[in-house]
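Below is one structure, written out as structure tokens; comments come after it.
Here, each number is a calculation from the coordinates, and none is a lab measurement. Since this is a predicted model, take the numbers as computed values, not measurements. All Cβ positions, glycine included, derive from the backbone under ideal geometry; neighbour counts span all protein chains shown.
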Amino acid sequence: MLDLIQELWYLKRDIVSDDFDRALFRLAKEVPMTIHEYPTGEACWTWRVPEKWTCHEAYLETLDGRRLLDYQDHPLHVVSYSLPFEGLVRREQLLKHLHVHPGLPDAIPYVFKYYERDWGLCASQALRDTLNDDEYRVVIRTSFEPGILKVGEIQIPGESEESFVIVAHLCHPAMVNDDLTGVVVGLETARALLKRMGRAQESGPPPTNGGRLYYTYRILILPETIGSVAYLSHNEHLIPGMTGGLFLEMLGNDSPLALQGSFQPESQADHCLTTALRGLDPEGYLGAYRTIIDNDERQFNAPGVRVPVLSLSRVEAPKATGRPPYREYHSSLDTPTIVSGERLAASLDVVLGMVDAWERNYYVVNNFKGEVFCSGYGIWIDYRVNPDGHRRLFEIMERCDGEHSVADIAHELDTPFQAVWEVVSLLREKDLVWLSRTPQPTDPRR
Ligand SMILES: [Zn+2]
């Protein structure tokens, strides 16, 4: 993951640009990927695909020719999708178009204006503070032309056509934690699932939960917002079959993992992923929809789509605090030095653990009626020795009624998914329950 980050991070991956394509084509060499294309001007529900944008040259100079900043030195020096501009500007006018980072005096901020067209440069506060001349020379040579927005999709077919989507965006030029870390974790997730699928095919019919995947997985790598809208609006037939999903970004720094719920907090995806996180990373925390960070999951959760897509990221300060999610966020300081292989690997383990839980999220159907005679089945837990275990066993069995999934039980009992799965596996071994992909109510009144 770190090698790919090193290779791709400094590319100028603006939403429709040559470097975005370069990065996506490079990723497509790693795993089998379909690349969907949407030309400039194409209608995507209420949106339109923007032009391809290229910055050829840009700088700010004093009138005597001293260069103060240059696009060649850092791609963030120019607002993404800045209009071209060339001329002498008065200091006050320049300052209106010169963006600085609100919290980091030495960093260049990341500013984008895809739709409210304007010209703009970005600099450190330190540089801005030195601008005392009356007039400066600005040169921004950018071009807008018809292009093709691209969305990469890695499809891993399961037994069912019902799909789980994993989404990451790739459109943040010269930055790493946001957004390249989500992309590489998504890619490694795809690689692990492809391997699992390959192994299952070699070893013949799988035991339940082992080997073969039940769900189909779609891993999407795209430019933020417009990429999701373009894909969804051109694949409406897939939307009813999307039963859950996870957005990934900011997964390589030292902040704790945060899992943001979907717009439908009672969905199976929400119950499953939130309770799974508790078993996978006790330091991880949960937040409601739109309280941690906003990204592409909004397009999936929106009206007319309504796919419950959660979001996983390492966040020090959730959105609700009004502070940036991590110190270097959206700035030139978001470089490979702030992420580590260990943190990326730990994030990947959590994503794979969530996929495992999703695959195991069956409805638990009782073969028994009444309360189970536990001693007779050798599963009695002595309440004098282990009162919590005793209570938990009964609380779980009480909910094995064909209407609760493993995730529903874990959610109701506020306990890790994995702990419930362990008990359900034991009950299944004893033939006390069976597992179903759909609800099978055993209440005689239903
Ligand atoms: Zn961002």
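Annotations
- Residues in segment 68-80 carry Karplus couplings, in order, of 9, 8, 8, 4, 4, 7, 6, x, 6, 5, 10, 4, 5 Hz; the curve used is 6.51 cos²θ - 1.76 cosθ + 1.60 with θ = phi - 60°, and Gly or Pro positions show x.
- Phi to ³J(HN,Hα) by Karplus 6.51 cos²θ - 1.76 cosθ + 1.60 over segment 124-132, Hz, x for Gly, Pro: 6, 4, 4, 5, 4, 5, 8, 7, 10
- Note on Arg199 and Ala345: the extension gain reaches 50.4 nm, defined as 0.36 nm multiplied by sequence separation minus the Cα-Cα distance.
- The long axis of helix 341-359 is offset from the longest Cα principal axis of the chain by roughly 40 degrees.
- Between 0 and 90°, nearest 10: helix 18-28 axis offset from the chain longest Cα axis: 30 degrees
- Modelled label positions at Glu57 and Asn386, each set 7 Å beyond Cα in the direction of Cβ, lie 7.4 nm from each other.
- In order through segment 226-236: 3J(HN,Hα) via Karplus (6.51 cos²θ - 1.76 cosθ + 1.60), integer Hz, x for Gly, Pro: 4, x, 5, 5, 4, 5, 5, 5, 9, 9, 4
- A straight chain from Glu429 to His74 at 0.36 nm per residue would run longer than the Cα-Cα distance by 121.7 nm.
- This ranking places Glu51, Glu7 by how few other beta-carbon atoms lie within 10 Å of each, fewest first, which gives Glu7, Glu51.
- Label point distance in nm, Asp129-Tyr377, each placed 7 Å from Cα along Cα→Cβ: 7.0 nm
- Angle of helix 417-429 to the longest C-alpha principal axis of the chain, folded into 0 to 90 degrees and rounded to 10: 30°.
- Qualifying lysines (Cα of each under 30 Å from Cα of Lys430; at least 8 residues distant if same chain): Lys369
- Gyration tensor (alpha-carbon) shape descriptor, segment 387-429, a/c threshold 1.5: rounded
- Unsatisfied cross-links (Cα-Cα over 32 Å) in the set Lys150/Lys319; Lys52/Lys96; Lys113/Lys319; Lys12/Lys96; Lys52/Lys195: Lys52/Lys195
- Take the Cα of Glu422, step 7 Å toward its Cβ, do the same at Asp3, and the gap between the two points is 3.7 nm.
- For the chain, the residue among Val31, Tyr326, Gly376 whose Cα projects farthest onto the positive side of the dipole built from Cβ charges is Gly376.
- Cα gyration tensor shape of segment 349-406, rounded if a/c is under 1.5, else prolate or oblate by comparing a/b with b/c: oblate
- Nonlocal amide H pairs with Tyr289, under 5 Å, H built at 1.01 Å: Gly261
- Exposure proxy ranking, count of Cβ atoms within 10 Å, fewest first, for Glu153, Glu145: Glu145, Glu153
- A simple packing score, the average count of other Cβ atoms within 10 Å per residue, orders the peptides 185-191, 277-283, 409-415 as 185-191, 409-415, 277-283, with the highest score first.
- Residue exposure sequence - Ser143, Ser311, Ser124 - by fewest surrounding Cβ within 10 Å: Ser143, Ser124, Ser311
- Using just its DSSP H runs of length 4 or more, each adding -39500 (n - 2.57), the chain gives a mean residue ellipticity at 222 nm of -9000 deg cm²/dmol after division by all residues.
- Fully extended contour minus Cα-Cα distance, from Ala43 to Gln440, at 0.36 nm per residue: 138.7 nm
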